[in-house]
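**Q** Got a structure here, written out as structure tokens. Questions coming.
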Amino acid sequence: MHVSSRITTKRLADLLQLSVAEAEMAVAAQVNISTDRVRGKNVKIVGKSNPTSTTEETSAVYARIDRPAGIVRFGRPKDAAVMLDDWNGQVVDLISLIDDTCHLIHREVIAHRVVSDETIPEDDTAML
């Protein structure tokens, strides 16, 4: 089962039976309450354990509201190293696809040359 981490503000408002503005305020309030609760207990918000904390980590609501696009994204913020690793993997995949495509193009060019050489009359080969 795939659970989406984003929803439109209109759909969220429909599910909560609120107006769009009230739904945004409700999400913002939950994010702020969770953030304040976690910060009050000296626990890192990013979800990593804090060795100086004497209390257990509580779960927080993580959300970003893109008001112009009308989208709410739920989920923990990614660590910079994780984002770079993801980006690096995507770049490697892209370069691999480009390399495979260049290889296939080169193979087609060579095959076309072989076919072209076979169709040239023998009298014209001396000119090449």
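**Q** Any residue in region 114-123 that is modelled with pLDDT of 95 or more, outside the structural domain of Ala26 (by TED's automatic domain parsing) and more than 15 Å from the chain's Cα centre (by Cα)?
**A** no
**Q** Output the number of the condition that Ala111 fails; it satisfies all remaining conditions of (1) surrounded by fewer than 11 Cβ atoms within 10 Å (Cβ to Cβ); (2) at pLDDT 85 or above; (3) under 18 Å from the mean Cα position of the chain (by Cα).
**A** Unmet condition: (3).
The values are calculated or read from the model by the stated rules, or taken from the named source; none is laboratory data. Keep in mind that what you see is a predicted model, and the values were worked out from it rather than measured. Methodologically, a virtual Cβ is constructed for each residue, glycine included, from the backbone with ideal geometry; neighbour enumeration extends over all protein chains shown.
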